[in-house]
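Below: the structure, in C-alpha cells.
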C-alpha cells in the first residue's frame, strides 16, 4: 500500500501560523482565500524579444550567369538592426535548380565583420540549365531571416556534347586543371572530341586529357590484332601526345561492355597513355576512350578516374555535327627500320629511315617525312618529300646543335603541284605513322662543337 510522504504535525503548525498572520494583518491579503502566505521567491526575468537580422547576399549578383561545371561560392553579409556586424549567426544556403529541387545544402563559414562564405563548390556538369535560386537562412537565438537570389545556369561542355552526340563525359579536372574542348570533329555517327588541359610548370607540365572517338557499327573486336587494327586504321589520331608504340591489347571490361585495354608509350616516358575499346550495341557504336596523363595525383587510378563518367544515352536521338569534318584517311605507314631507339655513333654513320609503302604511288603522291630534335628550349622541325619508302638523314644534322635524339614520322600525301616539293596546299592521304626516334651519339674523341644545352626530357 502506497504511503503518504506528508507530515500531519508540520501541516497543523503551518495552519496556525497562517491564522496568526490574519489576526496581525487584519484585512491583509495574506488572509485572502487561496493565497499562499509564504515568502515569495526571486522574480523571473522577462524573455527578451529576438533581435531581427538583416541578410544581404553580396555574391552572386541578381541574374548573374554561370556555366554548369564552373565554381559558385556565394557570400553573405549579416547585420543587426543597428547595422552592426553579426558574427555568431548560423547561416545556411540551399541551391535549387529550375524545377525547384534542392541540388545542395551547405553551411557557411564566418569570416569576420559579418561576412559568411560557403566552401568551394562547383555546379554539376550535367546540371539542368535555366533559372536557379540561391536561398539563404540566417538564424541567431529565435530570430530567423531569409534572402533569395536568382541566377542563370548555362549548359556545360559536357551537356552540349551530350545533346550533339548522345553520350556523357565529364571534363577532366585532376589537380585543379582548367579543361577545354581542344578538338571536335565529325558528327553523331562518326566523330571525336578531345577534352583536357595542363597546369603551368617548369619542364614537366601536369596534364590530363581524354579523347572520345566513336564509329558507327560493330568492328568485331574479337581478337587483340583486331583492336590494334582499329586503333591504327580507324582512329589514327592517338591522343593529346604523339605515340611511339602500342602495347599488347588486354581483355578489359568497362562498365557492362566487354572490350580491350591497350597501353601505349607516349613521346616522353612520363606520359601515361592508354586506350579502352568496346562496342555498345544499344547505340550501335564502337567507342575508343584514350587518356593522356602527366603527374597525376597519387593514390588514384587516374585513367579510370577520367573515363569513369562516360555513359551512352540510348534514349537520346543525336544529330549533332562538329565544326570540323572527321578526316577519312588511310592508316599511317609502318616503320621497318631502324628499331625504336636505335643508336648510331659518329659523323660517318649512315642512318636510313624505312617504312612499308601503303600501296603503289600515283603520279601526284609522295611521302612526307618530318624530323624534329630538341636543343635548349627549342625544337627545330624539318620536312622532307620523297617517293621512295625510305629517307637518309642528312649528315649535316650531326653538327647541328642537338641533344642526340632525332624523332621522325611519315605519312602519305597528295601534291597540289610538284610531288618533289611539299607545299601547304598538299592533302594528307594517311594518318601520320607512330613516332619513332634514333640516338645519334658522338664518340668521346669527338668533342661537341656547341654547348650541351639539354635541360628537358628527350624520350
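Each reported figure results from applying straightforward, stated rules to the coordinates on display, with no laboratory input. Keep in mind it's a predicted model, so treat the numbers as computed, not measured. Cβ atoms come from the backbone with ideal geometry, glycine included; neighbour counts cover every protein chain shown.
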Using only C-alpha atoms and all pairs of different ones, pull out the Kirkwood radius for the stretch 390-442 in Å with one decimal.
13.3
D (Stokes-Einstein, µm²/s), Kirkwood Cα radius, the chain, 0.890 mPa s at 25 °C
86
Once both axes come from the Cα atoms, what is the angle between helix 8-25 and the longest principal axis of the chain, in degrees from 0 to 90, rounded to 10?
70
Potential lengthening between residue 356 and residue 300 on full extension [0.36 nm per residue; Cα-Cα distance subtracted]:
16.1 nm
Taking the alpha carbon gyration tensor of the stretch 54-154, what are the square roots of 5 times its eigenvalues, largest first, to the nearest whole Å?
25, 12, 12
For a test of the definition: using alpha carbon positions, the gyration tensor, and the 1.5 limit on a/c, classify the stretch 335-441 as rounded, prolate or oblate.
prolate
If packing is taken as the mean number of other Cβ atoms within 10 Å per residue, what is the order of 340-352, 90-102, highest first?
90-102, 340-352
Simple spin-label model, 7 Å along Cα-to-Cβ: residue 182 to residue 85 in nm?
4.4
Quickly rank 145-152, 77-84 as a protection proxy: mean count of other C-beta atoms within 10 Å, highest first.
145-152, 77-84
Which order do the peptides 288-301, 61-74 take when ranked by the mean count of other beta-carbon atoms within 10 Å per residue, highest first?
288-301, 61-74
Rounded to the nearest 500, the 222 nm mean residue ellipticity computed for the chain from DSSP H runs (n ≥ 4, each -39500 (n - 2.57)) alone is -2500 deg cm²/dmol
Under 16 Å by backbone N from the virtual spin label 7 Å along Cα-to-Cβ at residue 334, the residues of the stretch 243-264 are 244-249
Relative contact order in percent for the chain (Cα pairs under 8 Å, 6+ apart) equals 10
Check: C-alpha center the stretch 341-391 vs C-alpha center the stretch 277-336, spacing in Å is 30
To one decimal place, what orientation-averaged projected area in nm² is obtained for the convex hull of the Cα set of the stretch 157-312?
8.7
Virtual spin-label span in nm between residue 52 and residue 399, 7 Å along Cα→Cβ:
9.0
Could you state the number of Å between the C-alpha centres of the stretch 186-206 and the stretch 392-459?
25
Here the gain from full extension of residue 113 to residue 59, 0.36 nm per residue of separation minus their alpha-carbon distance, amounts to 17.9 nm
Difference of contour (0.36 nm per residue) and Cα-Cα distance, residue 203 to residue 131:
21.5 nm
